[in-house]
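> Would you mind keeping the following structure in view while I ask a few things?
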Amino acid sequence: MYISTRGNSGSVTASFAIRTGMVPGEGLFVPESIPVLSREEQAGFQGKPYGYAAEKIFRLYLDDYTDEEIRCCIEEAYGSGKFGDDPAPLKSLDSDTEILELWHGPTAAFKDMALQILPHFMKLAVEKSEKKEKVLILAATSGDTGKAALEGFKDAPDTGIAVFYPAGGVSPMQELQMVTTGGSNTHVYGVEGNFDDCQAAVKEAFADTVLAEKLAGKGWRLSSANSINWGRLLPQIVYYFYAYAKFVEKGAVEFGEKININVPTGNFGNILAAYYAMKMGLPVKELICSSNENKVLTDFFMTGTYDRRRELVRTNSPSMDIVVSSNFERFVFETCGRDGEKTAGWMRDLREKGYFTVDAETKRNIDGIMTGGFTGQEKTLETIRETFNTSGYLLDTHTAVAVRVNDGYRRQRDDWTPAMVVSTASPFKFADSVLEALSLPHSGSEEEKLSDLSTVSGWAVHPSLSGLEDLEIRHRGRIKPEDMHDVIYAIV
Ligand SMILES: *Cc1c(COP(=O)(O)O)cnc(C)c1O
């Protein structure tokens, strides 16, 4: 069962949490208790396909889904070849570093890992409801969630999907991917503002009871494809266990030996899933939260104060250009002793004063688990260049941030624990910046850039990125954040 981070909800089932997306009013759903996987169960993941670990883990959390339903969801998401041979390959960068590639899905970003299965969870969640409502999925996106959500929910029965991205705040490739999406139930809008504006407007739409009533009158309800939805986070726990098993199979660590995990972070969903994996018994020494110049989280780990009173900077790792990381609420809830009242107070401070400071005990709890670091745009490009020159491995800008922060962390802490750096996007998705990093021309068409990158790296272009410029642009909507409610109502 699931409870609210703000103590304002009774226990609800998994299907309710997934269908609703967010706690009505305010707050996020978290599991009532965190299950633990024994050593034997974890050892059993070695040599098994991805779906094996997924099934074991989903069964612990999806209380009102049958085993058969869970198996079907897994089969449709990961079993149909959409991710190639292996959804999450582990590649050695050097003797202490493994890269977990999570971008082999249909849109070349790690969001596919969760957004290919969320629609199947959602369809069942809607069927399990007494009310027969249609669901309009809303997603605010800094670039990658949008396309992954559109592909996942495209043409899903009794479902609409509306995506809002910051106009001019995503890469050309990301924008092309979104605005060329087909399907009869897809809606895409550029919003005048940055990602935080998009996310805030979407959250307001969820909190708006008048809008909810109007939609209910027409037989619709809203839900979320962002990582505020538990159904988006849960699938992300799986790959940490799966990848650890591979770490052991490769001989990079002994079974049971701890590793560090470094995650390039934006909304704090991916690293939160790593934290839950750690709570479930995964052998982890330190979680390292990597940021770009939008380093709110790095500052928090230094000081214990989360301060959003700053301008959002647009960087060459745009999917991490976020100041208000939604899932941080779940993390402070977990680390303050699961105190809903405290968490609600801090979130109120964040909204009203623009910052909050956790108490000393919470800060101590966090210090034993997670640390943060950041790097700038120049160093990000330098890291792509140096890594390519020394190892022939091509990083995208987001993963490069994490590799850079990881090197700095090691030297500073003198901690040479084997590390898993999570790779969140294919380098082809950010071809512009990657070509710039390699001092190659990057002014041609998107197609030319992809082909140039393929030539220097010897890697095949990710199939979903090729030929986008020949597709028809099907979505041209531009809106102001304050118009979002009207736009949503117009869709139904
Ligand atoms: C979404 C995204 C991130 C940030 O992930 P969070 O779960 O929001 O922290 C990092 N890199 C890429 C490429 C992304 O698409």
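> Please identify every one of the GluC sites (Glu not before Pro) in the range 114-210 that sits in a loop by DSSP and has no more than 13 other beta carbons within 10 Å of its own beta carbon.
E130
> How would you classify the range 237-360 from its alpha-carbon gyration tensor, with a ≥ b ≥ c the square roots of the eigenvalues: rounded for a/c under 1.5, else prolate if a/b is greater than b/c, otherwise oblate?
Oblate is the answer for the range 237-360, as a/c is 1.5 or above yet b/c matches or exceeds a/b.
> So how much slack lies between W459 and E378, counting 0.36 nm per residue of separation and subtracting their Cα-Cα distance, in nm?
Result: 26.7 nm gained on full extension.
> May I pose another question? Apply the membrane-span-like helix rule to the chain: whole DSSP H runs, Cα extent along the own long axis of at least 27 Å, mean Kyte-Doolittle hydropathy at least 1.0. List the helices found.
none
> Considering only the other residues whose Cβ falls under 15 Å of the Cβ of M302, what net charge follows from Lys and Arg at +1 and Asp and Glu at -1?
Once positives and negatives cancel, what remains is +2.
> Round to the nearest 0.05 the FRET efficiency obtained for K134 and Q46 when R0 = 56 Å and r is the Cβ-Cβ distance.
0.85
> Quick one: length gained pulling R411 to I34 fully straight, 0.36 nm per residue minus the C-alpha distance?
In short, 132.3 nm is gained.
> Then there's this: Too long at a 22 Å Cα-Cα cut-off: which of K82/K147; K147/K214; K218/K480; K203/K379? Can you show the working numbers first?
On the way: K82/K147 15 Å; K147/K214 28 Å; K218/K480 25 Å; K203/K379 34 Å.
Over 22 Å Cα-Cα: K147/K214; K218/K480; K203/K379.
> Taking square-rooted eigenvalues a ≥ b ≥ c of the alpha carbon gyration tensor, is the chain rounded, prolate or oblate, where a/c under 1.5 means rounded and, failing that, a/b exceeding b/c means prolate?
rounded
> Would you work out the relative contact order for the chain, in percent, from Cα pairs under 8 angstrom that are 6 or more residues apart?
RCO, the chain: 20 percent.
> Calculated FRET efficiency, T66 and K285, Cβ-Cβ r, R0 41 Å, to nearest 0.05?
0.65
> Moving to a separate point now. Net charge around K429, counting only other residues with Cβ within less than 9 Å of its Cβ (Lys, Arg = +1; Asp, Glu = -1)?
Around K429, the surrounding residues sum to -2.
> Among residues other than Y275 whose Cβ falls under 11 Å from its Cβ, what is the net charge (Lys/Arg +1, Asp/Glu -1)?
Its environment carries a net charge of +1.
> For I473 and N389, calculate 0.36 nm times their separation in residues minus their Cα-Cα distance, and state this gained length in nm to one decimal.
26.5 nm
> A further question follows. Can you classify the range 356-422 as rounded, prolate or oblate using the Cα gyration tensor, where a ≥ b ≥ c are the square roots of its eigenvalues, rounded means a/c under 1.5, and otherwise it's prolate if a/b beats b/c and oblate if not?
prolate
> So if R0 is 51 Å, what FRET efficiency would E482 and D339 give, r being the distance between their Cβ atoms, rounded to the nearest 0.05?
It comes out at approximately 0.90.
Taken together, the values in this text are just the output of simple stated rules run on the coordinates, not laboratory data. Because the structure is predicted, anything quoted here is derived from the model rather than measured. Positions of Cβ are generated from backbone atoms using ideal geometry, with glycine treated the same way; all protein chains shown enter the neighbour counts.
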